[in-house]
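K.L.:
Starting off with a structure, shown below.
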Amino acid sequence: MFAVISDRGNQATVRIGDVVACDHQPDWNPGDTVTFDHVLLRSNEGEVAVGRPTVEGAQVTAEVVEHMRGKKEVVFRFKRRKNVRKKTGHRQSYTRVRITGIE
């Protein structure tokens, strides 16, 4: 059994027990239970339900595991022959959730 969910524009294929990194949600605390209502596809032992755009009545429940930050992405900008260089970095914040149920 698996499902394809959409969370704020990002799609993920999930199964029960998977740990998925979503965009950072500061109002979610570790241990909270959250539901994803935007289920695009649900498969259950050969039965496939494809939504247009979402599957009616389907939802995925998950438990918040932790808040984390991704690896550092280095951004290096320069203009050749002008002695212009700028090096910056970025670390994206994520919230990790464990999938507990697909209905």
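The values are calculated or read from the model by the stated rules, or taken from the named source; none is laboratory data. What you are looking at is a predicted structure, and each value in this text was computed from that prediction instead of being measured. Every residue, glycine as well, gets a Cβ built from its backbone with ideal geometry; the counts of neighbours run over all protein chains shown.
K.L.:
Those residues that are touching a residue at least 24 places away in the same chain (Cβ under 8 Å) and either part of a strand (DSSP E or B) or of a type in the set (Ser, Thr, Tyr) (or both), I need them from the range 55-89; list them, please.
P.N.:
Correct list: Val60, Thr61, Ala62, Glu63, Val64, Val65, Glu66, His67, Met68, Arg69.
K.L.:
Is there a residue being in a loop (DSSP other than H, G, I, E, B), within 26 Å of Gly89 (Cα to Cα), under 15 Å from the mean Cα position of the chain (by Cα) and at pLDDT 95 or above anywhere in the range 1-8? It would help to see each step written out before you state the result.
P.N.:
At the first step, the residues of the range 1-8 found to be in a loop (DSSP other than H, G, I, E, B) are 1, 8.
Filter once more, so that each one left must be within 26 Å of Gly89 (Cα to Cα): 8.
Within this subset, residues satisfying the condition of being under 15 Å from the mean Cα position of the chain (by Cα) are 8.
From what is left, the residues that are at pLDDT 95 or above are none.
For the range 1-8, residues in a loop (DSSP other than H, G, I, E, B), within 26 Å of Gly89 (Cα to Cα), under 15 Å from the mean Cα position of the chain (by Cα) and at pLDDT 95 or above: absent.
K.L.:
Out of curiosity, is Thr13 exposed (fewer than 13 other Cβ atoms within 10 Å of the Cβ) and in a strand (DSSP E or B)? Break it down stepwise before answering.
P.N.:
Details: exposed (fewer than 13 other Cβ atoms within 10 Å of the Cβ): no; in a strand (DSSP E or B): yes.
No: the conditions fail for Thr13.
K.L.:
Here is a further query. For the range 54-62, indicate whether the set of residues that are hydrophobic (A, V, I, L, M, F, W, C), surrounded by 15 or more Cβ atoms within 10 Å (Cβ to Cβ), in contact with a Ser or Thr (Cβ under 8 Å, 6 or more places away or on another chain) and within 26 Å of Tyr94 (Cβ to Cβ) is non-empty. Let's see the steps before the verdict.
P.N.:
Our first condition is that a residue be hydrophobic (A, V, I, L, M, F, W, C); within the range 54-62, this holds for 55, 58, 60, 62.
If we keep only those that are surrounded by 15 or more Cβ atoms within 10 Å (Cβ to Cβ) too, we end up with 55, 58, 60, 62.
Then keep just the ones that are in contact with a Ser or Thr (Cβ under 8 Å, 6 or more places away or on another chain); that gives 60, 62.
Pick out the ones that are also within 26 Å of Tyr94 (Cβ to Cβ) and you get 60, 62.
Yes: one or more hits.
K.L.:
Counting just the residues of the range 80-103 that are charged (D, E, K, R) and out of contact with any strand residue (DSSP E or B) (no Cβ under 8 Å at 6 or more places or on another chain), which one comes out nearest to Val19 (Cα to Cα)?
P.N.:
If we filter the range 80-103 for residues that are charged (D, E, K, R), which is where we start, we get 80-82, 85-87, 91, 96, 98, 103.
If we keep only those that are out of contact with any strand residue (DSSP E or B) (no Cβ under 8 Å at 6 or more places or on another chain) too, we end up with 80-82.
Numbers: Arg80: 44, Arg81: 47, Lys82: 47 Å.
Here the residue is Arg80.
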